[in-house]
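> Right, I'll just put the structure down here and ask away after.
The values are calculated or read from the model by the stated rules, or taken from the named source; none is laboratory data. On a predicted model such as this, the values are computed, not experimentally measured, just so you know. Using ideal geometry, Cβ is built from the backbone for each residue, glycine included, and neighbour counts are taken over all protein chains shown.
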Amino acid sequence: FADFEPQNTTDGSYRGTMAKIKATELQYQEVFEQKFVEANTNLKRDRIRVTIKQTGNSLQLRATLPLKPGDCSLGKEKKQYDLSLGIPANLEGLKTAIEESYELGKLIARHTFEWNEKYLGIKSREKQEIKNIGELLDSFDEKYYQTRQKTITSQNTFANYISVIKRNFPSTTLATKNHLEEIINSFQGNKKNELIAVTSVFIKTFQLGFQLDVRRDNVTPAHREIPDNEKIVSSFDL
């Protein structure tokens, strides 16, 4: 999945930066959707009885399996389940989902599938340690380029992300939904909108498991009075 190439045009202005962020996200989503369809097509071609399904920000494996412990579906020995393995819905997560699908497919074909902690989703539900902004920034570069090519354009974009985060989020801030939203809501206008865009990329990169519920501000460009020709001519006489 190294063929994702971000948009390489921006005029350096705030509007240009925001437009580029939006265009990059849309392009990334288009590539993800294409790879997602290809993955399921390949699974079907290889006669793997597993389908990858997207639910919100997560990927699940759909398959017909022996009844889960405690499932008392009368008259049935098997049932269709959607397995949640804690896989994020991004390009890197899709690679993991494909690998897991083939592994699960082999177990189904050999009739050796058993319900364990992994497939019951116990491990994926375990609470993960919450890190602060400073700790995440230490590995931001590595994580960011796992799903992007490193080009001059992408490096400039990344440098802008780093700058925005460091300027506005104290390094000791815990990377939780409430903490991030509280800081973002302390700003208004273009600054707030920029923080929403950059923080959304940050959340997606680290697969933090939530989305921002923050309303963007409607920004009206400042009025500029354009002098008429008489004023322009008279200014030369001053």
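> Out of curiosity, is residue 171 closer than 14 Å to residue 131 by Cβ, part of a loop (DSSP other than H, G, I, E, B), in the same structural domain as residue 135 (by TED's automatic domain parsing) and free of Cβ contacts under 8 Å to residues at least 60 places away in the same chain? It would help to see each step written out before you state the result.
On the way: closer than 14 Å to residue 131 by Cβ: yes; part of a loop (DSSP other than H, G, I, E, B): yes; in the same structural domain as residue 135 (by TED's automatic domain parsing): yes; free of Cβ contacts under 8 Å to residues at least 60 places away in the same chain: yes.
When the stated conditions are applied, residue 171 passes them.
For every residue, the table says whether it meets (1) under 25 Å from residue 56 (Cα atoms); (2) of a type outside the set (A, V, I, L, M, F, W, C); (3) touching a His at 6+ places or on another chain (Cβ under 6 Å).
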residue	(1), (2), (3)
145	yes, yes, no
159	no, no, no
164	no, no, no
176	yes, yes, no
180	yes, no, no
186	no, yes, no
191	no, yes, no
210	yes, no, no
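> Do you know which residues across the range 194-209 are in a helix (DSSP H, G or I) and not charged (D, E, K, R)?
Keep residues of the range 194-209 that are in a helix (DSSP H, G or I), which gives 194-206.
Scanning the range 194-209 gives 195, 196, 197, 198, 199, 200, 201, 202, 203, 205, 206.
> So, one more: Taking the stated definitions as given, is residue 97 at pLDDT below 90 and buried (at least 16 other Cβ atoms within 10 Å of the Cβ)?
Working: at pLDDT below 90: no; buried (at least 16 other Cβ atoms within 10 Å of the Cβ): yes.
No: the conditions fail for residue 97.
> Separate question: Kindly establish whether residue 155 is assigned to a helix (DSSP H, G or I) and at pLDDT below 95. Steps first, answer last, please.
On the way: assigned to a helix (DSSP H, G or I): yes; at pLDDT below 95: yes.
So residue 155 fits the description; yes.
> Name the residues in the range 204-227 that are at pLDDT 85 or above and more than 21 Å from residue 192 (Cβ to Cβ), would you?
Listed by number, the list holds a single entry, 206.
> Also, I was wondering about something else. So, in the range 181-209, of the ones that are among the polar types (S, T, N, Q) and more than 20 Å from residue 88 (Cβ to Cβ), which residue ends up surrounded by the most Cβ atoms within 10 Å (Cβ to Cβ)? Outline the logic, then answer.
First pass over the range 181-209, keeping only residues among the polar types (S, T, N, Q): 185-186, 188, 190, 193, 199-200, 205, 207.
Imposing the further condition that a residue be more than 20 Å from residue 88 (Cβ to Cβ) reduces the set to 185-186, 188, 190, 193.
Working: 185: 13, 186: 11, 188: 10, 190: 13, 193: 19.
Among those residues, the one meeting the criterion is 193.
> Working only within the range 58-106, note down all residues that are within 17 Å of residue 147 (Cα to Cα), polar (S, T, N, Q) and assigned to a strand (DSSP E or B).
Listed by number, the list holds a single entry, 58.
> Can you name the number of the only condition in (1) buried (at least 18 other Cβ atoms within 10 Å of the Cβ); (2) over 30 Å from residue 39 (Cα atoms) that residue 162 fails?
All conditions pass for residue 162, except number (1).
> Looking at the range 139-166, I want the residues that are within 23 Å of residue 191 (Cα to Cα) and in contact (Cβ under 8 Å) with a residue 60 or more places away in the chain and have a partner that is surrounded by 13 or more Cβ atoms within 10 Å (Cβ to Cβ) and aromatic (Phe, Trp, Tyr) with Cβ atoms under 6 Å, at least 6 apart or on another chain. Which pairs are those?
Once the first residue is within 23 Å of residue 191 (Cα to Cα) and in contact (Cβ under 8 Å) with a residue 60 or more places away in the chain and sits in the range 139-166, its partners that are surrounded by 13 or more Cβ atoms within 10 Å (Cβ to Cβ) and aromatic (Phe, Trp, Tyr) give 144/158.
> Considering each of 14, 81, 102 in turn, give the residue that is closer than 30 Å to residue 164 by Cα and either of a type in the set (Phe, Trp, Tyr) or modelled with pLDDT of 95 or more (or both). Quick ask: steps written out before the conclusion?
Details: 81 fails: closer than 30 Å to residue 164 by Cα; 102 fails: closer than 30 Å to residue 164 by Cα.
So the residue among 14, 81, 102 that is closer than 30 Å to residue 164 by Cα and either of a type in the set (Phe, Trp, Tyr) or modelled with pLDDT of 95 or more (or both) is 14.
> Every residue in the range 128-147 that is of a type in the set (Phe, Trp, Tyr) and assigned to a helix (DSSP H, G or I), please.
Across the range 128-147, the qualifying residues are 140, 144.
> Checking residue 111 against (1) touching a Pro at 6+ places or on another chain (Cβ under 7 Å); (2) surrounded by fewer than 16 Cβ atoms within 10 Å (Cβ to Cβ), which single condition isn't satisfied?
(1)
> Name the residue that is modelled with the lowest pLDDT, counting only residues in the range 43-70 that are surrounded by 12 or more Cβ atoms within 10 Å (Cβ to Cβ) and either over 17 Å from residue 108 (Cα atoms) or among the small types (Gly, Ala, Ser) (or both).
57
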